[in-house]
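One structure is given below, encoded as structure tokens.
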Amino acid sequence: MFSQPPKFDEFFANLAEANKKWLDGLTGTANFAQNPENSAFNAFQGFFSNTKGFLDAQNSFYQEQLQIWSQIANKKEGSTEDKKVSDKRFSDEGWDNNPFFSYLKQSYESFSKHLLNIVGQAGLSDEEKEKFTFFIQQYLAAIAPSNFPLTNPEVIKAFIDTKGKSFSDGMQNLLQDSQNGYMSMTDESLYEVGVNLAATEGSVIYRNSLVELIQYKPTTEKVYETPLLIVPPCINKYYILDLQQSNSLVKYYVDQGYTVFLVSWKSADAALKKYRWEEYVNIGVIDSIETVRSISKKDKINVLGYCVGGAILTTAALLLKDRNLDYINTMTHLTSLLDYEDPGEIKLYLNKDMEKVGQLKKDGGIMAGRIIAQTFSSLRPNDLIWNYWVNNYLLGKTPPAFDLLFWNNDAVDLPVPMHQFYIDNLYNKNKFAKGEFVVDGVKLDLSKIDYPVYLFAAQKDHIVPWNSAYKSTQLLKNAQVKFVLGASGHTAGVVNPVVTDKRNYWVNDALPASEQEWFTGSTSMPGSWWKDYNAWLAQYSGKQVKAPATAGNKDFPVICVAPGEYVKAKGLSIVEASLI
């Protein structure tokens, strides 16, 4: 029925040559050749310089398209053969039962495969290949037929079944999100900070220009004498560690008898636009440590940092060492990096010439948290962008309730000087691991940390890859290190409450240089890693004493009830931030 024409090869060769000439003209007029570092230009140039490879690829693609159509045309009505639903975007039965949509799906899959094959045949360096593949995948995710109303059978069916209401609801959702300045990932009407999120009872007992310090109310008659100070990431709201009461890490450790303090970062505004990494370390962390020491009357305290909070906390710990201030008893990292040589896919977005970026904002400025959040979402575009595009706007549905996604949309802004310093010194130049990181005029030496350290990483973390997090075990040469690997990703791996006791974690007291050797020798433990950390922390928290009756002390009286004011402030829109 679809037999090959007699001059099939000649036809495709002519077509390929025409396409090559068209692209040559395009790259010439677009001045791509003037930028030798342009990965797209290098990829296409390398690919088309291999004429045989180009012709073979074109020929293969067109033949595959004809085969797809031939198979669909000859498919018997009602047949379910070759039905594949591994891709959630094409799970609706209409993608297989309707010939038109079946062809669209298979044609898109074929096109995606062949377009990605370009990268493999272009003679790129490994770095160029990785970047180009990533951005091709972003493009392919965006043009999927599932993202458009007239090429998605589920959307068309919903429109017919609801007599157009799905379309009306979708436009209403789009209007609401446009006004909010971001795409909703959950039903936000179901959550309120301080009511059913960040609701663990406590008091703000210290406030400065950058942080509020919360002291949580004990729930046990006796508490460990050594308190725990938590430093969350400054690029997110702290309540990822205090979500609902059933999955709050803070609540769990309060219930285990620890006196828990927590830093709540202020979202940057015009008053903070000149703040540097130094302010986040000194005003944010060191001031908080000194406050906790004063209230607890303990010379040394236990400290915990999550994500970038771990890097800021480690900086503070080393500055304290340099000042001969022995304030830290133990330190914990949750999915934190000290070695940024391989930070994962985020490196594809990094600007390696941050000094020029800094010149644009000599008087400071604000990096909108929305930009940071969108960057992380784009690392998983099908799950964190286009999934909600289809659900919210094309199908007109309200996304299901999910506290993690409510938190994910609650953005925090950063000062440009601090953000620039972080990206340039750690992500781009990896100065911490190289022993070249200078803060407050002090060159920081990780080997000076000589107390117990607990390192937790998550196996499927795409923001802090666990193999990179493991490298901290080798950098902290004089610390008594324990490394624990949890299942799942950057947030779900950390937020794994004991009440559900899901998933598992791996432990291994040995710390070989190779993370794979560590994993091979590890033991899988069922349930939440929170239990393991509780057992570890208890041995360094001293004896149990009577729980304090009130928060703070005469020097640091209660300012307001938790969660305080800073966590409730909304981040600026991208436009608002750009004007500061």
Checklist entry - Which members of the stretch 515-540 meet the condition of being free of Cβ contacts under 8 Å to residues at least 40 places away in the same chain and more than 26 Å from the chain's Cα centre (by Cα)? => result GLU517, THR520, GLY521, SER522, THR523, ALA535, GLN539
Checklist entry - Does at least one position in the stretch 269-284 carry a residue that is closer than 24 Å to THR491 by Cα and among the basic types (Lys, Arg)? => result no
Checklist entry - Would you call GLY194 farther than 18 Å from PRO400 by Cα, touching a strand residue (DSSP E or B) at 6+ places or on another chain (Cβ under 9 Å) and surrounded by fewer than 18 Cβ atoms within 10 Å (Cβ to Cβ)? => result yes
Checklist entry - Restricting attention to the stretch 197-211, which residues are under 22 Å from MET331 (Cβ atoms) and open to solvent by less than 30 Å² (accessible area, probe 1.4 Å)? => result LEU210, VAL211
Checklist entry - Taking only pairs six or more apart or across chains, which ones have beta-carbon atoms under 7 Å, a first residue in the stretch 320-332 that is hydroxyl-bearing (Ser, Thr, Tyr) and part of a strand (DSSP E or B), and a second residue that is modelled with pLDDT of 95 or more and open to solvent by 40 Å² or more (accessible area, probe 1.4 Å)? => result THR330/TYR540
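Condition check ((1) without any contact (Cβ under 8 Å) to a residue 60 or more places away in the chain; (2) of a type outside the set (S, T, N, Q); (3) in contact with a Ser or Thr (Cβ under 9 Å, 6 or more places away or on another chain)) across all residues:
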residue	(1), (2), (3)
ASP413	no, yes, yes
ILE423	no, yes, no
LYS448	no, yes, no
TYR454	no, yes, yes
ALA457	no, yes, yes
VAL464	no, yes, yes
ASN478	yes, no, yes
Next on the checklist: Residue under question is TYR182, and the condition is that it be in contact with a Phe, Trp or Tyr (Cβ under 8 Å, 6 or more places away or on another chain) and at negative phi; does it hold?
Outcome noted: no
Checklist entry - Which ones in the stretch 384-405 are in a helix (DSSP H, G or I) and under 24 Å from SER168 (Cα atoms)? => result LEU384, ILE385, TRP386, ASN387, TYR388, TRP389, VAL390, ASN391, ASN392, TYR393, LEU394
Checklist outcome for this item: Of the residues in the stretch 332-351, those that are surrounded by 22 or more Cβ atoms within 10 Å (Cβ to Cβ) and either over 19 Å from ALA458 (Cβ atoms) or touching a Ser or Thr at 6+ places or on another chain (Cβ under 8 Å) (or both) come to HIS333, SER336, LEU337, LEU338, TYR340
Item to check | Flag for ALA373 being assigned to a helix (DSSP H, G or I), in contact with a strand residue (DSSP E or B) (Cβ under 8 Å, 6 or more places away or on another chain) and open to solvent by less than 40 Å² (accessible area, probe 1.4 Å) | outcome: yes
Checklist entry - Identify, please: which residue in the stretch 263-309 is under 21 Å from ALA577 (Cβ atoms) and among the small types (Gly, Ala, Ser) and is, among those, surrounded by the most Cβ atoms within 10 Å (Cβ to Cβ)? => result ALA268
Next on the checklist: For the condition among the acidic types (Asp, Glu), closer than 30 Å to VAL281 by Cβ and open to solvent by 40 Å² or more (accessible area, probe 1.4 Å), what is the one hit in GLU225, GLU154?
Outcome noted: GLU225
Item to check | Meets criteria (under 30 Å from LEU384 (Cβ atoms) and out of contact with any His (no Cβ under 8 Å at 6 or more places or on another chain)) for GLY552 | outcome: no
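The values are calculated or read from the model by the stated rules, or taken from the named source; none is laboratory data. Worth saying up front: this structure is predicted, and the values here are computed from it rather than measured. Cβ sites come from the backbone with ideal geometry, for glycine too, and all protein chains shown count toward neighbours. Surface areas here come from the heavy atoms of the whole protein model, side chains and all, with no ligands, DNA or RNA. Shrake-Rupley method; radii C 1.70, N 1.55, O 1.52, S 1.80 Å.
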